[in-house]
Amino acid sequence: LRFLCLHGAGTNSDVDSTNSEFTDPISEELRKDNSAVFHFIDGEEDSGPGPGIEGLFEGPYFSFYAWPRTCTTEDEKAVEEAYKLIYAAIEQEGPFDGILGFSQGATLAFQFLSQHAKRFPYDPPNAVFRCGVFICGPPPFRVISGQLVCDEDLGKIRIPSLHIVGKEDEILEHSLHLFELCEGDCATLLHHGKGHTIPRDKENVMAIAKAIRELSYRAV
């Protein structure tokens, strides 16, 4: 499978790859049998560094849109620009079999799939991507009067999906909510014992690689 990968807020594609979140060791394991390859794109919004990034990795730092999102016109325009970025990547670097996102990237991946289904209701569910991997990501939300409010009328994602969540992640509840917004028969949940991160220990790497391989079988 070829995955289009979306990084978290306040990072960039180089941080993701040099941080070994995907490239090493998970990608190395998947490359052994050509199960999956990853293609990264950067968000276009200048951003401060995300949690745990400052001091470890050099900037510039990017987000796909302001995070957390509010109700301003500027925020909505930024989200639309993020959709255009994904469509451009598909046109220029695709086709892709799946979309994969971490944190904000997972939220954006879900948003994109949901909005495409609404805007092109006669397209089959797998018109742009045949599967999705969502890692430690909440559903699309806004901050209103200091409260996190999930967007309404999101609909269900009806392609095979894998949801990787951290048992110690402070947004675990919200990541589980995103899992519930995907078609039950098509969605698989995988817990790891860590926080808001993609684990690198051998046990979790093997479990994640196995789950992605199984996803590839379901996406065919």
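The values are calculated or read from the model by the stated rules, or taken from the named source; none is laboratory data. Keep in mind that what you see is a predicted model, and the values were worked out from it rather than measured. All Cβ positions, glycine included, derive from the backbone under ideal geometry; neighbour counts span all protein chains shown.
Within the option set Asp153, Asp169, Asp185, being on the phi > 0 side of the Ramachandran plot and out of contact with any strand residue (DSSP E or B) (no Cβ under 8 Å at 6 or more places or on another chain) holds for one residue only, Asp153.
Of all residues in the stretch 142-151, none satisfies being in contact with a Lys or Arg (Cβ under 9 Å, 6 or more places away or on another chain) and small (Gly, Ala, Ser). In this structure, Thr70 does not satisfy being under 27 Å from Lys194 (Cβ atoms), among the polar types (S, T, N, Q) and either touching a Pro at 6+ places or on another chain (Cβ under 9 Å) or at pLDDT below 90 (or both).
Let's see how each residue does on (1) over 19 Å from Ala89 (Cβ atoms); (2) modelled with pLDDT of 55 or more; (3) assigned to a loop (DSSP other than H, G, I, E, B); (4) out of contact with any His (no Cβ under 9 Å at 6 or more places or on another chain):
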| site | (1), (2), (3), (4) |
| --- | --- |
| Asp16 | no, no, no, no |
| Ser20 | yes, no, yes, yes |
| Gly43 | no, yes, yes, no |
| Glu54 | yes, no, yes, yes |
| Glu58 | yes, yes, yes, yes |
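Residues that are at pLDDT 90 or above, surrounded by fewer than 21 Cβ atoms within 10 Å (Cβ to Cβ) and not in a loop (DSSP other than H, G, I, E, B) within the stretch 119-147 comprise just one, Arg119.
If you take the residues in the stretch 176-220 that are of a type in the set (Gly, Ala, Ser) and in contact with a helix residue (DSSP H, G or I) (Cβ under 8 Å, 6 or more places away or on another chain), which one is farthest from Cys150 (Cα to Cα)? Quick ask: steps written out before the conclusion?
Step one: of the stretch 176-220, the residues of a type in the set (Gly, Ala, Ser) are 184, 187, 193, 195, 207, 209, 211, 216, 219.
Narrowing further to those that are in contact with a helix residue (DSSP H, G or I) (Cβ under 8 Å, 6 or more places away or on another chain): 187, 193, 209.
On the way: Ala187: 20, Gly193: 26, Ala209: 30 Å.
That would be Ala209.
Of the numbered criteria (1) on the phi < 0 side of the Ramachandran plot; (2) within 10 Å of the chain's Cα centre (by Cα), the one Ser103 fails is (1).
Candidates in the stretch 61-118 are the residues that are without any contact (Cβ under 8 Å) to a residue 60 or more places away in the chain and aliphatic (A, V, I, L, M); of these, the one that is surrounded by the most Cβ atoms within 10 Å (Cβ to Cβ) is Leu113.
Taking first residues from the stretch 141-169 that are more than 19 Å from Ser114 (Cβ to Cβ) and of a type outside the set (Asp, Glu) and partners that are assigned to a strand (DSSP E or B) and modelled with pLDDT under 75, the Cβ contacts under 9 Å between residues at least 6 apart in sequence or on separate chains come to Val143/Val149.
What is the residue count in the stretch 148-180 for residues that are of a type in the set (Val, Ile, Thr) and surrounded by fewer than 21 Cβ atoms within 10 Å (Cβ to Cβ)? Walk me through how you get there before you give the answer.
Keep residues of the stretch 148-180 that are of a type in the set (Val, Ile, Thr), which gives 149, 157, 159, 164-165, 171.
Narrowing the set further to residues that are surrounded by fewer than 21 Cβ atoms within 10 Å (Cβ to Cβ) leaves 149, 171.
Total meeting the criteria: 2.
Residue count for the stretch 183-204, restricted to those that are outside any loop (DSSP other than H, G, I, E, B), more than 17 Å from the chain's Cα centre (by Cα) and surrounded by fewer than 19 Cβ atoms within 10 Å (Cβ to Cβ): 2. Counting the residues of the stretch 148-173 that are more than 14 Å from the chain's Cα centre (by Cα) and not in a loop (DSSP other than H, G, I, E, B) gives 6.
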